[in-house]
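Please read the structure below before turning to the comments.
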Amino acid sequence: MAKNANLGAAKNAKNDEFYTQYADIQKEVNAYIEYNPDVFRGKTILLPCDDPEWSNFTKFFAQNFEFFGLKKLISTSYAIESKKYKTDWQPTLFETENPMYNVEKSRIKGKIFTLTHDTNANGRIDIDDLQWSYLEGDGDFRSAEVTALRDEADIIITNPPFSLFREFLAWIMEGGKQCLVIGNMNAITYKEVFPLIKDNKLWLGTTDVRWFYQESTNSPLYEAAHSRWFTNIDHGMRHKPLQLMSMADNIRFSRHKEVKGINYSKYDNYDALEIPFTDAIPSDYNGEMGVPISFLDKYCPEQFEIIGMSLFLATQKPKDLPKSLQGGPAFYLKNENGYKRQYPRIVIRKKQ
């Protein structure tokens, strides 16, 4: 199987369209159905940046159309000639053997697939009832044509190109839509994304995604830096409060050597307690605390409030900070060697 280096090479070549496995979609979506069986009922779902001839999103929602009680499913693909990464692309038999096929439009036009009813009169609504045609444009989500489809939809679900995540998420939020999209975990630190998380307008889904494939190879690619689902659709995991020990019990019993037998420290350049692990958050501390970004996996908005992030709160550095530690905004801890620069921290406080 291809490793993380393949993802890096593909990114450098501007080939950042990685397709999601059916099982990963099913596992994530099931969590929302379990929490609210009617979450998709009567809704129109739009799958932009999707190509049903390769992607599993359309296949999954088409096969579950009746079970989810969908009103309409819309999927749009992006024209091959508009993609930055060029391949030896050939239209599939699905397209060429259809009466709709147009050799001139095939490379320069996107396609739209819709599903609303039982078109073949076999008594069920599924993938065989998909209807398709060419778009007027190339299928770019920023186009007026696809934006109109966004406005028609209730929920946007897809795996957008990694390089366009910021812009794509902003496009969704501009339309005021619910969403379930995949992005790199590092997106949490983006100035365009973190404020949405802080204001409880966006949160992490229930699973991560580690394996993708591409249409040219159909070969899995290992994503070492985890990709995650980002959503504003409610699920049960985000309402489960963390079971935590007191500060004294953490110091006495913690399984982490960085905590057990060691007093908690405050940052030198910000008035907050350093918490190196989510399960080391003391239950009896009411001040501000800096926690790893992985805390968001366990974040319960009824238990904690998010104050900010070190990348945006660390406006000052220690006065005697050596040049070797200089860099962007960060929290610093004093130690026997002078200072230790911390990885990005989310600042939280227990709700009273």
I'd like to check which helices (runs of 4 or more DSSP H) are fully inside segment 44-117 and have at least 3 residues that are modelled with pLDDT of 90 or more and more than 16 Å from LEU135 (Cα to Cα).
57-63, 65-68
Against the conditions (1) in a loop (DSSP other than H, G, I, E, B); (2) of a type in the set (Gly, Ala, Ser); (3) surrounded by 13 or more Cβ atoms within 10 Å (Cβ to Cβ), where does GLY308 fall short? Just the number, please.
(1)
Somewhere in segment 313-329, is a residue outside any loop (DSSP other than H, G, I, E, B), touching a helix residue (DSSP H, G or I) at 6+ places or on another chain (Cβ under 9 Å) and not assigned by TED's automatic domain parsing to the domain that holds LYS201?
no
Name the pairs: first residue in segment 133-148 and part of a helix (DSSP H, G or I), second residue of a type outside the set (Ser, Thr, Tyr), Cβ to Cβ under 7 Å, at least 6 apart or on different chains?
GLU145/LEU135; GLU145/GLU136; GLU145/GLY137; VAL146/PRO48; VAL146/GLY139; VAL146/ASP140
Taking first residues from segment 249-266 that are part of a loop (DSSP other than H, G, I, E, B) and second residues anywhere that are among the β-branched types (Val, Ile, Thr) and surrounded by 14 or more Cβ atoms within 10 Å (Cβ to Cβ), the pairs with Cβ under 9 Å that are 6 or more apart or on different chains are VAL259/ILE251; VAL259/ILE275; LYS260/ILE251; GLY261/ILE251; ILE262/ILE251; ASN263/ILE251; TYR264/ILE251; TYR264/ILE275
Can you tell me which residue in segment 311-333 is surrounded by the most Cβ atoms within 10 Å (Cβ to Cβ), limited to those that are without any contact (Cβ under 8 Å) to a residue 60 or more places away in the chain and among the hydrophobic types (A, V, I, L, M, F, W, C)?
ALA314
Does segment 294-305 contain any residue that is of a type in the set (Gly, Ala, Ser), more than 15 Å from GLN342 (Cα to Cα) and either part of a loop (DSSP other than H, G, I, E, B) or touching a residue at least 12 places away in the same chain (Cβ under 8 Å) (or both)?
no
Kindly indicate whether ILE127 is surrounded by fewer than 19 Cβ atoms within 10 Å (Cβ to Cβ) and in contact (Cβ under 8 Å) with a residue 12 or more places away in the chain.
yes
I'd like to check something: does segment 332-339 contain any residue that is modelled with pLDDT of 90 or more and touching a helix residue (DSSP H, G or I) at 6+ places or on another chain (Cβ under 9 Å)?
yes
Starting from residues that are among the hydroxyl-bearing types (Ser, Thr, Tyr) and outside any helix (DSSP H, G or I), keep the ones in segment 17-43 and report whichever is surrounded by the fewest Cβ atoms within 10 Å (Cβ to Cβ).
TYR19
Looking at GLU336, GLU274, GLU288, can you tell me which residue is surrounded by fewer than 18 Cβ atoms within 10 Å (Cβ to Cβ) and among the acidic types (Asp, Glu)?
GLU336
Boolean, ASN263 is modelled with pLDDT under 95 and not assigned by TED's automatic domain parsing to the domain that holds GLU28
yes
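The values are calculated or read from the model by the stated rules, or taken from the named source; none is laboratory data. Remember, it's a predicted structure, so these values are computed and weren't measured experimentally. Counting neighbours? That spans all protein chains shown, and the Cβs are built from the backbone with ideal geometry, glycine included.
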